[in-house]
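One structure is given below, encoded as structure tokens.
The values are calculated or read from the model by the stated rules, or taken from the named source; none is laboratory data. Owing to the predicted nature of the structure, the values given are computational and were not obtained by experimental measurement. We place every Cβ from the backbone using ideal geometry, glycine too, and count neighbours over all the protein chains shown. Calculation scope for accessible area: heavy atoms of the full protein, side chains included, ligands and nucleic acids excluded. Shrake-Rupley method; radii C 1.70, N 1.55, O 1.52, S 1.80 Å.
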Number of protein chains: 2
Amino acid sequence: MTDTPHRRGADRTEVIMRTTLELGQEIGYAKLSIEAVAARAGAGKHTIYRRWSSKGALLLDSLLSLHESDLDYPDTGDIVADLREQIHAAVDLIGRPPFGPLYQALVGEAQYDPRVAAALNERFIAPQTDKTVARLKKAQDQGQLASGFDLDLAMAILSGPLYFRFLITQEPLTHEYVDRILDALFVGMGPHPQP
Amino acid sequence: MTDTPHRRGADRTEVIMRTTLELGQEIGYAKLSIEAVAARAGAGKHTIYRRWSSKGALLLDSLLSLHESDLDYPDTGDIVADLREQIHAAVDLIGRPPFGPLYQALVGEAQYDPRVAAALNERFIAPQTDKTVARLKKAQDQGQLASGFDLDLAMAILSGPLYFRFLITQEPLTHEYVDRILDALFVGMGPHPQP
DNA sequence: TGTCAAGTACGGCACGTGCCGTACCGATAG
DNA sequence: CTATCGGTACGGCACGTGCCGTACTTGACA
């Protein structure tokens, strides 16, 4: 028969994640219910609960399945140019639909669900931090960055203003904003002509 | 009669807010319900719904009633020293119980409830930003800060790394961390001995 | 290589629970 | 007399968990 209603294995997982993103974009994360996802996906609630422990876990998986980590750093030799390019890409992904609003809600959920916070950190934040620190380390070795500088701190200083705008003032993340941040910061973090 | 069960006016408001903070600290914001607050406060649910439109609005009011804005800036003439002192105080308030965890949850709620986001911004974020910008402006006029510097951007650069640690990596906010941020930043933002 | 029984993942349904937000009540105070 | 209160009851929704019948998969046996 065509269109068999009962399948198994990984295809169900994929359908459910796709439906989660669809519904999430339509009605927003707050109103999104597992019940509704199951209904639209033509899936039993069990099938969802079997794989994901919470709405947050489901959304995190769904979002990660969407972009598959294209936020890698170029390495042209110029640290500021490379940071600029990577952060522009990150901002394009995170700052706009479909990823943006759902990612924002996920970070929100992470503020009162420690399991979501842990999963988000492990599967998205930490890998991004690692990439950034690795790229910064290289720049440091090449003398483009003050040698004693704590690179985890640098990560916080670079990302912080973006998250501040994204989560707190909730204004749009533009390339122009990114550029202003970078311009402001790299006067101070680079090697200075000081006695 | 002593301990009259039915009162009116503003005293109910106060009891409800106090109870909200109590219960919130005990069981966390996620599990906090208006029903439970009403029960413990000895209040009718209607009395709560009459004054607050959501759980977030209730918590925001409760938190603001607690500290009453003691995050003012000193003005010793040294901008870095003043910022350090103010941010230390802010971190002491925001980074620890009782304010800390509840404030964190409130920011989380603001990520999918625009009304909470607006209220939070209007009643806490914006006033703090205004104070910071005012203090920075003074420093700029006295030549302690690069003269062209966008002060709203400076606010984001100062606060961003703190919120990043608070919300994203969720590590504790210490004075030592604040100091490292300030030390790193004020090499770059101050006036430089450059040709 | 073909057959069939056991096992597994599934969709659908119903259940009990908890909290939502609203409506109504009787009591109390101004 | 009227506004406000505490208390209770209500319908509604989504939660998370059982149970059932079904389709697909596996593998032992011939």
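Side notes on the structure shown:
- Accessible surface computed residue by residue for the range A:1-151, with neighbouring protein chains in place and a 1.4 Å probe, gives 51 Å² per residue.
- Counting Cβ atoms of other protein chains within 10 Å of each Cβ in B:167-175 and taking the mean gives 5.
- The protein assembly as shown: Lys pairs at Cα distance under 18 angstrom, eight or more positions apart or on different chains: 9
- Taking the inverse of the mean reciprocal distance over all distinct Cα pairs, the Kirkwood hydrodynamic radius of the protein assembly as shown comes to 23.1 Å.
- Taking Cα atoms only, the orientation of helix A:99-109 departs from the longest principal axis of chain A by about 90 degrees.
- Neighbouring Cβ atoms from other chains, within 10 Å of the Cβ of residues in B:103-109, number 4 on average.
- Contact order normalised by residue count of the range B:35-107, Cα under 8 Å, 6+ apart, percent: 23 percent
- Of the accessible area of the protein assembly as shown, computed with a 1.4 Å probe over protein heavy atoms only, carbon and sulfur atoms account for 53 percent.
- Simple label model, 7 Å out from Cα along Cβ direction - B:His88 to A:Ser54, nm: 3.6 nm
- Relative to its Kirkwood radius, the Cα radius of gyration of the range A:112-177 gives an Rg/Rh of 1.05.
- In chain A, Cα pairs under 8 Å separated by at least six residues give a relative contact order of 19 percent.
- Heavy atoms of A:Glu22 accessible to a 1.4 Å probe, total area in Å² rounded to 10: 90 Å²
- Only Lys, Arg (+1) and Asp, Glu (-1) charged, at Cβ; the range A:37-182 dipole about Cα centre in debye: 780 debye
- Paramagnetic reach from B:Thr76 (point 7 Å along Cα→Cβ, amide N under 18 Å) across the range B:89-116: B:89-92
- Among A:Tyr163, A:Tyr73, A:Tyr29, the residue with the largest mean-square fluctuation in a Gaussian network model of chain A, with springs joining Cα atoms closer than 10 Å, is A:Tyr163.
- Ranked from shortest, the separations from the 7 Å Cα-to-Cβ label point of B:Asn121 to its equivalents in the other copies are 2.9 nm.
- At least 50 Å² of accessible area lost relative to the chain alone, listed for the range A:145-164 with a 1.4 Å probe: A:Leu153, A:Ala156, A:Ile157, A:Phe164
- Rounded to the nearest 20, the size of the Cβ-charge dipole of the protein assembly as shown about its Cα centre is 1700 debye, with Lys and Arg at +1 and Asp and Glu at -1.
- For B:Pro98, label point 7 Å along C-beta direction: distances to other copies, nm: 4.4
- Placing a label point 7 Å from Cα along the Cα-to-Cβ axis, B:Asp11 is separated from the same position in the other copies by 6.9 nm, shortest listed first.
- More than 24 Å apart - percent of Cα-Cα pairs taken over chain B: 48 percent
- Once the Cα atoms are used to define both axes, helix A:10-27 deviates from the longest principal axis of chain A by about 70 degrees.
- Between 0 and 90°, nearest 10: helix B:126-141 axis offset from chain B longest Cα axis: 20 degrees
- Accessible area of B:Asp92 in the full protein assembly, 1.4 Å probe (Å², nearest 10): 50 Å²
- Net charge dipole size for the range B:1-120 [Lys, Arg +1 and Asp, Glu -1 on Cβ; Debye, nearest 20]: 900 debye
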